[in-house]
1. Does region 219-233 include one or more residues that are open to solvent by 10 Å² or more (accessible area, probe 1.4 Å), under 30 Å from Arg142 (Cβ atoms) and without any contact (Cβ under 8 Å) to a residue 24 or more places away in the chain?
2. Out of Ile139, Ile98, Ile151, report the one residue that is closer than 26 Å to Gly403 by Cβ, assigned to a helix (DSSP H, G or I) and open to solvent by 20 Å² or more (accessible area, probe 1.4 Å).
3. Do we find that Leu130 is under 26 Å from Gly332 (Cβ atoms), open to solvent by 40 Å² or more (accessible area, probe 1.4 Å) and either in contact with a helix residue (DSSP H, G or I) (Cβ under 7 Å, 6 or more places away or on another chain) or among the hydrophobic types (A, V, I, L, M, F, W, C) (or both) in this structure?
4. Take the conditions open to solvent by 10 Å² or more (accessible area, probe 1.4 Å) and under 30 Å from Ser161 (Cβ atoms) and apply them to Tyr465. Does it pass?
5. Given the structure, is Thr78 open to solvent by 30 Å² or more (accessible area, probe 1.4 Å), polar (S, T, N, Q) and without any contact (Cβ under 8 Å) to a residue 24 or more places away in the chain?
6. Could you check region 78-100 and list, in sequence order, the residues that are more than 11 Å from Gly146 (Cβ to Cβ) and either assigned by the TED database to the domain that holds Ala420 or modelled with pLDDT of 90 or more (or both)?
7. In region 206-218, what count of residues is obtained for those that are of a type in the set (A, V, I, L, M, F, W, C), open to solvent by less than 10 Å² (accessible area, probe 1.4 Å) and in a helix (DSSP H, G or I)?
8. For region 138-193, give me the residue count where each residue is closer than 16 Å to Gly91 by Cβ and aromatic (Phe, Trp, Tyr).
Amino acid sequence: MENKEQSNGMMKENNAIKKKVNWSVSLIVAALTGAFGSSFLYGYNLSVVNAPAGYIKKFYNETWERRYGITMDEGTLTLLWSITVSLFAIGGLVGAIIVTPIVKFFGRKCTLVLNNVFAVAAALLMSLSLLAGSFEMLILGRIIMGVDAGISLSALPMYLSEISPKEIRGSLGQVTAIFICIGVFTGQVLGLPEIFGQESRWPFLFGAIIVPSLIQAVILPFLPESPRYLLLEKHNRSKAEEAFQRFLGKDDVSHEIEEVLAESRVQRNTKLVSIIQLLGTRAVRWQIVTVVVTMGCYQLCGLNAIWYYTNNIFSESGINRETIPYVTLSTGAVETLAAVFSGLVIERLGRRPLLIGGFGLMIVFFAVLTVSLTLQNTVYWLPYLSIFCILAIIASFCIGPGGIPFVLTGEFFQQSQRPAAFMIAGTVNWLSNFAVGLLFPFIQAGLQTYCFLVFAGICFAGATYLFFVLPETKNKTFNEISQAFAKRNKATLEMQEMNHYPGERKSSEEHESNFTSSVDNGEAKKGIV
């Protein structure tokens, strides 16, 4: 009889878990719409400059000659083109820096909606630059587009991590990476000679940016704001309950409300911490270091170099120039499939195996790629091995390192710390992006076929660090993840509370009373111990 009752209890618990992880329509639409107008555009702008590079350089040269009566020398043209590519990252850095006050004032969802103003402005500048005869418009558009990407790559993971149940937080977070890959692939497809990859049509590649922006601006306003933001920062319980109900697809969201309130009790208050305060908080010291390492390796592991300069790499591999656009298309397809695979298995395998395994595979294929590029003139089939290695590197990256850093940044930090944490992550992300875009052509020229060994070393360093430091965060609450780092940070939960807000000395009962009175519906919170 007792065993039967236990069995029934386990069945009820399993059913409850199944209900928890239900993918509601609102949750799916919010993730897809948010990613389409945000991370999709980031990926698209990584690859869109690749196919028309020759035509754009010709446009630069002709404009220069028309203005000054002389032809631009090769060194100046290469520098101007590198700046054009790299300034996208500088704009991203600006966006990452200004995102914290924006998401605090407007909220996560509204920030994504308003961010489309940058995307539309950038699209108009870049698409009209040829007509106006001004390459400065293209460069300015790249900077503004970077600002859009910098804001969205912080606001979107923040929004997704706060609207998703912990059981599917990793899978939903991978939507960011999947749409980056789809964006890269779309940029490659539209850049084919049969579509917009022609001298007279390349401005349409930049004008197409308007489409995802308008779709997001139309749909996203009809979806709820982050319930955590509404409850913890706006103290609006009724709106938070409505948001939870729509995102989770059920009427009883008391468990989710109590889980968020429990987090608020640990934090003692919900005031946003600044970057300086976060960096000085002992309880999150190793979380910050881990975010810096993962974001740095995300950019410095060499994949952006492949995205930016795919045509040159394939050309060096001995591929016929006419077939390069179609071979390049395979890279976008492979990374999209690998990112989808990662999203499907992340909640089964966890974050650690995918991250460390992804970096480990990249080390192997970078080494093989170096050998094949060095010896490609001696054996006729080695160029094909180089192509395989490039595809394998892309797949290895997208399985883990390509999306999980964004997921981890959302998982490591409490509500009040998250905006500052994303600002730190975004700053590291965009500075590293800028460094790769600007320096890789010179590294490639100096080291020739050995240039990818630099990236292999970075992957090795990142994998080694993560092996010894990163705990598994799958299916864990924010407080449980904090506890996993507590020993390394040499801080108990009580010390974490004091470190978060050393000026707070209120009892938990007094805090709960104050928090309850600040919620706009004025109801007593039943179930708070």
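The values are calculated or read from the model by the stated rules, or taken from the named source; none is laboratory data. Bear in mind that the values here come from a model prediction, so they are computed numbers and not experimental data. Backbone-built Cβ (ideal geometry, glycine too); neighbour counts: all protein chains shown. To get the accessible areas, we keep the full protein, side chains included, count just its heavy atoms, and leave off ligands, DNA and RNA. Shrake-Rupley method; radii C 1.70, N 1.55, O 1.52, S 1.80 Å.
1. No, region 219-233 contains no residue that is open to solvent by 10 Å² or more (accessible area, probe 1.4 Å), under 30 Å from Arg142 (Cβ atoms) and without any contact (Cβ under 8 Å) to a residue 24 or more places away in the chain.
2. Working: Ile139 fails: closer than 26 Å to Gly403 by Cβ; Ile151 fails: open to solvent by 20 Å² or more (accessible area, probe 1.4 Å).
That would be Ile98, the only listed residue that is closer than 26 Å to Gly403 by Cβ, assigned to a helix (DSSP H, G or I) and open to solvent by 20 Å² or more (accessible area, probe 1.4 Å).
3. Values: under 26 Å from Gly332 (Cβ atoms): yes; open to solvent by 40 Å² or more (accessible area, probe 1.4 Å): yes; either in contact with a helix residue (DSSP H, G or I) (Cβ under 7 Å, 6 or more places away or on another chain) or among the hydrophobic types (A, V, I, L, M, F, W, C) (or both): yes.
Judged against the criteria, Leu130 is a match.
4. Values: open to solvent by 10 Å² or more (accessible area, probe 1.4 Å): yes; under 30 Å from Ser161 (Cβ atoms): yes.
Yes: the conditions hold for Tyr465.
5. Numbers: open to solvent by 30 Å² or more (accessible area, probe 1.4 Å): yes; polar (S, T, N, Q): yes; without any contact (Cβ under 8 Å) to a residue 24 or more places away in the chain: no.
It is false that Thr78 is open to solvent by 30 Å² or more (accessible area, probe 1.4 Å), polar (S, T, N, Q) and without any contact (Cβ under 8 Å) to a residue 24 or more places away in the chain.
6. Across region 78-100, the qualifying residues are Ile97, Ile98, Val99.
7. Filtering region 206-218 down to residues of a type in the set (A, V, I, L, M, F, W, C) leaves 206, 208-211, 214-215, 217-218.
Filter once more, so that each one left must be open to solvent by less than 10 Å² (accessible area, probe 1.4 Å): 206, 209.
Pick out the ones that are also in a helix (DSSP H, G or I) and you get 206.
Number of matching residues: 1.
8. Let us first name the residues in region 138-193 that are closer than 16 Å to Gly91 by Cβ, namely 138-155.
Among the residues that remain, those that are also aromatic (Phe, Trp, Tyr) are: none.
Number of matching residues: 0.
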